[in-house]
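First comes the structure, then the notes that go with it.
Readers should treat all values here as calculations from the given coordinates under stated rules, not as data from a laboratory. What you see is a predicted model; the values in this text were computed from it and never measured. Positions of Cβ are backbone-derived with ideal geometry, glycine not excepted, and every protein chain shown enters the neighbour counts.
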Amino acid sequence: MWTSVSPCLVASDEKDKVLQRNMLLAAAKSGDAKMVFALLQRTSLPVDHVAHSSGATLLHLAAERGHVDVVSFLLGKGAEVGAYTRSCQSST
């Protein structure tokens, strides 16, 4: 899996932002803590980025898949523990 992010991936337009968002979501879902860290460092996406219409955050996605390293990292960056999805699911 990819573990470094090129400086070229700093978004310059909306298309780039969508690509970065999708990469961040995929990294959180797959448990790639290094990629999550790199993307959050190099992009303007917030740690509590909402994934899609369900209202799931990066923390929700990582927690429901048991990715402890990603969950720990996101919590250390201040991810909102009490956030609920639109179907009233929390990350705890």
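Cross-link partners for Lys17 among the aspartates and glutamates, with Cα-Cα distance under 16 Å and sequence neighbours closer than 8 places in the same chain left out: Asp48. About its Cα centre, the range 13-76 has a charge dipole of approximately 80 debye under the convention of +1 per Lys or Arg Cβ and -1 per Asp or Glu Cβ, with nothing else charged.
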